């Protein structure tokens with residue numbers, strides 16, 4: 001039986017129609033030149049011949065106490081979970097994003113396998129879109145990147161067609177030996193001791209957070225107390241999706257020049273874009289926005305092995321370069337803190353902090369606890385060009401979760417030379433959401449001008465056109 005972490009259990013128990021835990025890729029495939037026949041139909045036909053592997057062969061079960069469990073379906077049939085859609089040609093990226101937003105906001109049917117795949121054609125240029133939707137409780141962001149990497153081939157000449165649902169091969173595990181009574185009792189005692197240690201660690205962590213609110217330096221901010229009241233609205237099922245792409249080589253160059261990481265640059269440009277968006281509507285707060293940042297845990301066991309921690313971004317009137325410097329310090333403190341806290345403590349903290357607003361929403365309270373203003377995630381990516389049935393993967397965009405306590409999720413995934421940033425918001429909660437992707441591209445251009453030495457800028461600009469980003473911004477929709 002596949003193991004479920006405490007975070008996985010929370011995702012199953014706290015999910016609602018307004019807060020579905022769906023994640024997945026939106027891939028855009030350009031068929032090879034002179035391809036004969038319908039690329040989408042042939043691709044689907046060949047993918048359906050592939051086996052279903054973990055975690056795509058998991059079904060939801062239940063223990064005697066009613067607690068969710070996972071069972072492996074050895075006879076899993078992918079055909080029941082794959083659909084073909086054809087948009088009215090030639091459909092634009094905006095129309096595709098609007099269509100996928102509607103699909104993404106619907107909860108997965110728990111009576112079957114916990115995923116869906118849509119093969120969509122009718123796009124401009126004869127391109128084909130592949131949108132996958134998987135319950136987040138059975139897969140984390142890093143594993144999803146591995147799944148996508150296994151799905152797409154590294155060369156156009158590789159005509160082997162694989163499928164999303166093949167998953168990631170895992171080494172077989174030995175059958176557990178039967179425990180003696182003494183071993184069983186000893187294991188129970190150790191488990192109880194570990195739980196007690198996690199709870200004690202949690203108290204220490206919360207105490208350090210409390211010190212931050214009274215001016216003593218620390219890594220984390222306290223949810224509720226330090227979150228500006230922006231990006232607010234009713235928790236509805238409706239979603240808005242947009243994206244932009246940045247040249248990864250230039251992102252790395254700026255990061256290197258400023259002794260920062262790619263993730264620091266990512267946080268800074270998104271922070272600057274959000275500040276500009278709020279300034280447009282005179283809603284820019286006096287305090288820094290607060291971000292949730294998922295971090296992988298090395299010694300965690302089972303399911304989603306992450307902690308999601310809060311910290312402040314840049315002050316309202318900072319330039320994007322100043323924001324980068326401030327964020328680099330804050331992000332460094334959070335990462336350093338991971339060295340001093342156990343994985344179990346941090347996962348317990350993550351579950352409690354994010355579980356409270358979910359419970360409040362489930363109880364019908366419209367004004368739930370604010371955890372942060374935005375969740376910003378960067379679960380790695382694909383380092384080279386990828387192909388499927390000879391067709392080039394032009395984009396592999398992330399579709400994420402907007403969990404309770406937040407109204408906006410920003411997730412980045414690298415694909416070859418592109419740093420792709422996906423924006424997902426609860427409909428109506430982010431004013432003028434359609435501008436956010438474009439503002440992020442503008443912020444990166446500003447950071448590049450301020451953060452790269454003049455010689456480096458001239459070399460990178462010579463002989464080629466710089467494209468700060470591409471955005472797809474559907475109109476806002478609100479679903480009751």
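The values are calculated or read from the model by the stated rules, or taken from the named source; none is laboratory data. As the structure is a computational prediction, the values presented were derived from the model and not from experiment. A quick note on method: Cβ atoms are made from the backbone with ideal geometry, for glycine too, and the neighbour counts reach across all protein chains shown.
Structure values in brief
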quantity: Failed item in (1) within 25 Å of residue 26 (Cβ to Cβ); (2) modelled with pLDDT of 95 or more, with residue 403 passing the rest; calculated: (2)
quantity: For residue 40: the one exception among (1) surrounded by fewer than 19 Cβ atoms within 10 Å (Cβ to Cβ); (2) modelled with pLDDT of 95 or more; (3) in a helix (DSSP H, G or I); calculated: (1)
quantity: Residue list for region 144-157, filter: touching a residue at least 60 places away in the same chain (Cβ under 8 Å) and surrounded by 15 or more Cβ atoms within 10 Å (Cβ to Cβ); calculated: 144, 145, 148, 149, 151, 152, 153, 156
quantity: Residue 338, sole failed condition from (1) in contact with a strand residue (DSSP E or B) (Cβ under 7 Å, 6 or more places away or on another chain); (2) surrounded by fewer than 22 Cβ atoms within 10 Å (Cβ to Cβ); (3) closer than 29 Å to residue 48 by Cβ; calculated: (3)
quantity: Positions within region 71-128 being part of a strand (DSSP E or B) and within 24 Å of the chain's Cα centre (by Cα), in sequence order; calculated: 82, 83, 113, 115, 116, 117, 118, 119, 120, 128
quantity: So residue 45, is it under 22 Å from residue 386 (Cβ atoms) and either free of Cβ contacts under 8 Å to residues at least 60 places away in the same chain or assigned to a loop (DSSP other than H, G, I, E, B) (or both); calculated: yes
quantity: Search result, residues across region 78-88 that are under 13 Å from residue 112 (Cα atoms) and surrounded by 13 or more Cβ atoms within 10 Å (Cβ to Cβ); calculated: 78, 81, 82
quantity: Residue check for residue 337: under 23 Å from residue 5 (Cα atoms), at pLDDT below 80, more than 19 Å from the chain's Cα centre (by Cα) and not in a loop (DSSP other than H, G, I, E, B); calculated: yes
quantity: Any hit, region 370-392, residues being closer than 30 Å to residue 235 by Cβ and more than 20 Å from the chain's Cα centre (by Cα); calculated: no
quantity: Every residue from region 361-409 that is within 17 Å of residue 19 (Cα to Cα), in contact with a helix residue (DSSP H, G or I) (Cβ under 9 Å, 6 or more places away or on another chain) and assigned to a strand (DSSP E or B); calculated: 374, 399, 408
quantity: Single unsatisfied condition, residue 278 versus (1) surrounded by 20 or more Cβ atoms within 10 Å (Cβ to Cβ); (2) within 21 Å of the chain's Cα centre (by Cα); calculated: (2)
quantity: Residue in region 346-360 that is surrounded by fewer than 22 Cβ atoms within 10 Å (Cβ to Cβ), out of contact with any strand residue (DSSP E or B) (no Cβ under 7 Å at 6 or more places or on another chain) and in a loop (DSSP other than H, G, I, E, B) present; calculated: no
quantity: Residue 443, sole failed condition from (1) at pLDDT 95 or above; (2) touching a strand residue (DSSP E or B) at 6+ places or on another chain (Cβ under 8 Å); calculated: (2)
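Listed here are the residues, each with its yes/no results for (1) assigned to a loop (DSSP other than H, G, I, E, B); (2) closer than 30 Å to residue 138 by Cα.
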residue	(1), (2)
255	no, no
274	no, no
277	no, no
288	yes, no
310	no, yes
